[in-house]
Amino acid sequence: MPQAPARRMGTWKLAYADFLTALVAFFIVMWLVKGVPEAGREDLAGYFRKGEISAEAGEAAVIENGPSRAEQLALDLGSTELFRSAPETLSVIAQGDRVRIDLADRTANPVFEPGEAAFTEAGRAIARRLAGLVSQSSGPVEIEGHTDAFPYRGKPGGNWALSSERAQMAYRHLSEAGLDPGRVKGVTGRGASLPRYPDEPHLPANRRITIILHIAE
C-alpha cells in the first residue's frame with residue numbers, strides 16, 4: 001500500500017485545531033453577550049470598535065503598556081462608592097484624552113422631574129457627590145444635556161430647549177457643590193441628536209447629563 005506524501009501527513013490536525021479555536025471563540029462571544037448587562041454591552045462594543053476603555057462599577061482593564069491618564073481616571077472613578085452604588089444611573093468611559101461621565105434619567109431612578117429641567121432630590125444628591133469627584137481632577141470641563149427622541153412640546157424649542165435647561169441646571173448644582181466654574185468651558189443642550197443608544201433613541205437612558213473631563217497636560 002503506497003504511503004501518503006510526507007507533506008500531507010497531519011494536515012487534518014491543523015484543520016481540527018482551527019475548528020476548535022473557532023468554537024472556543026464562539027462560546028466566549030456567547031458568554032459575553034449573555035453575561036454582560038445591557039448597560040455594559042455598549043461599553044464593551046466601544047472597546048473593540050473604537051479602542052475605548054470603560055470603567056463601570058470598578059471593572060478592571062488590562063492594557064499592554066498600562067492605562068493612559070484618561071483610562072486611569074475612568075477606572076478610578078468607576079471604582080468609587082458612588083459609581084458602585086448606582087451602576088444603572090452612572091457610567092464613565094475614557095475616549096482618547098477625555099473622560100465622559102453619563103448621569104442617566106432612567107425610569108426606575110429618575111434624575112429629573114418629568115418634563116422639567118429641575119432635578120429630583122436623588123438627582124441633586126448625585127450631582128453634589130459628583131462635584132466632589134470631578135473637583136479632584138484638573139483640566140477643562142464640558143456639560144451636555146441630552147433628551148430621548150420623543151418630541152417635547154412643553155415649551156418653545158422642544159427637546160433642544162429642555163436639554164439646554166437641564167445642562168444649565170446641572171452646571172448650577174455642580175458649581176454650588178464645589179466645582180470651579182472657571183474650569184467649565186461649555187454648557188450645551190444636544191436635544192436628541194446624540195442618543196446613548198442610537199438603535200433605540202426612545203429609551204429613557206438616552207435622557208442624561210454628560211460631563212466631559214478633558215485631561216490636562
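Only the coordinates and a few stated rules stand behind these numbers; no lab work does. In this text, all values refer to a predicted model and were calculated from it rather than measured experimentally. Note that we place each Cβ from the backbone using ideal geometry, even for glycine, and neighbour counts take in every protein chain shown.
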Proximal charge balance of Val184 [Cβ under 13 Å; K/R count +1, D/E count -1]: -1
HN-Hα J in Hz across segment 157-174 - Karplus 6.51, -1.76, 1.60, θ = phi - 60°, x for Gly and Pro: x, x, 4, 5, 5, 5, 5, 5, 5, 5, 5, 5, 5, 4, 4, 4, 5, 5
Highest to lowest packing among 188-196, 91-99, scored as the average C-beta count within 10 Å: 91-99, 188-196
Sorted by Cβ density within 10 Å, fewest first, the residues His173, His202: His202, His173
Rounded to the nearest 20 debye, dipole of segment 161-217 from Cβ charges on Lys, Arg, Asp, Glu: 100 debye
Note, ³J(HN,Hα) from phi for segment 136-144, Karplus 6.51, -1.76, 1.60, rounded to Hz, x at Gly and Pro: 7, 9, 10, x, x, 10, 10, 10, 10
Positive-pole candidate from Gly154, Ala170, Leu194, dipole of segment 143-217, charges at beta carbon: Gly154
Amide H contacts of Thr188 (H built 1.01 Å from N, under 5 Å, at least 5 apart or other chain): Ile143, Glu144, Gly145
For segment 51-214, alpha-carbon Rg and Dmax in angstrom: 15.2, 51
Full-stretch length increase - Ala22, Ala108 - with 0.36 nm per residue and alpha-carbon distance subtracted: 26.9 nm
